[in-house]
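We did not get these values from a lab; they are worked out from the coordinates using the rules stated. Just so we're clear, the structure is a prediction, and the values are computed from it rather than from any experiment. Don't worry about glycine lacking a Cβ; one is built from the backbone with ideal geometry, like all the others, and counts go over all protein chains shown.
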Amino acid sequence: MASEAPVGVFDSGVGGLSVLGEIRARLPWESLFYVADSGHVPYGEKSPEYIRERCRQIAAFLLERGAKALVLACNTATAAAVAELRELYPELPVVGMEPAVKPAAAATRSGRVGVLATTGTLKSARFAALLDRFAGDVRVITQPCPGLVERIEAGALDGPQTRELLQGFVAPLLAEGCDTLILGCTHYPFVRPLLRELVPESVSLIDTGAAVARQLERLLEARKLLAAGPAAARFWSSGDPAELARVLPRLWGAAAAVEALPG
């Protein structure tokens, strides 16, 4: 496999752009293919079987276009499908997401950690296993966030409606004494500035985008697949390509053409 081949990254929508940004920052010479499955967002309300089928189709699409690695830039997709994709493509680097339970448990001073995530992530066996493995004596309090992904998909990262919605999610966690909050969905880093306004400075906010970029680097380096550039990026959406193109300047930092995902 050629080292100059692109890295394929996908998410249920625009949230994975937060991970894509971390990959670009750490691996600026890598070409990137990004699929927003916005025609099927949010994954958090879908069945695991439905999500696995979407992930298989998108993975096949990216591999047909020469991707040398896959990044599931979605906690819900990772919980449902990463094991199956690794079985289907044993020679391929496949990197998933998981809520940052381990670093949050190490960071908390109060012994109470809050998790903001989708319903699908919080119900998953993978998340339960994370708690069993890393939470230890730390009390983990979970908070599903229905509607937040849709606000971020629309590019509504601030404003009174998003503020009110987010305030309703964080207030119970603060009332429980949580001093560390896990952003358990790749969409949520985009509302970090607003979240920072709603919680005390003493509360830590933790996500795993940078850790995913480091893991991708390790896997590519181990297989001698690190690129030397020049880098390029291509974008597809299963929803309205114009909608993704509209939010790209704000969420990706640059305008780009967006193609329709076939099928």
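Setting aside same-chain residues fewer than 8 positions from Lys46, which lysines have a Cα under 18 Å from its Cα?
Lys123
Taking the Cβ of Leu244 as the centre, find all other residues whose Cβ is under 15 Å away and add up their charges (Lys, Arg: +1; Asp, Glu: -1).
Once positives and negatives cancel, what remains is -4.
Within 10 Å of each residue's Cβ, count the other Cβ atoms and sort Trp236, Trp29 from fewest upward.
Trp29, Trp236
Between rounded, prolate and oblate, where does segment 84-228 land on the alpha carbon gyration tensor, with a ≥ b ≥ c its root eigenvalues, rounded for a/c under 1.5, else prolate if a/b exceeds b/c?
prolate
Tell me the net charge near Gly114. Cut-off is 15 Å between Cβ atoms, Gly114 excluded, with +1 for each Lys or Arg and -1 for each Asp or Glu.
+2
Within a Cβ distance under 14 Å of Asp158, other residues only, what is the Lys/Arg minus Asp/Glu net charge?
Summing Lys/Arg as +1 and Asp/Glu as -1 gives +3.
Quick one: what are the phi-derived ³J(HN,Hα) couplings along segment 229-244, Karplus 6.51/-1.76/1.60 with θ = phi - 60°, whole Hz, x for glycine and proline?
Listing the rounded values in order: x, x, 9, 9, 9, 10, 10, 10, 9, 8, x, 7, x, 5, 5, 5 Hz.
Could you rank the peptides 108-116, 94-102 by their average count of other C-beta atoms within 10 Å per residue, with the highest value first?
Packing order, densest peptide first, comes out as 94-102, 108-116.
List, largest first, the extents of the alpha carbons of the chain along their principal axes, each in whole Å.
51, 38, 34
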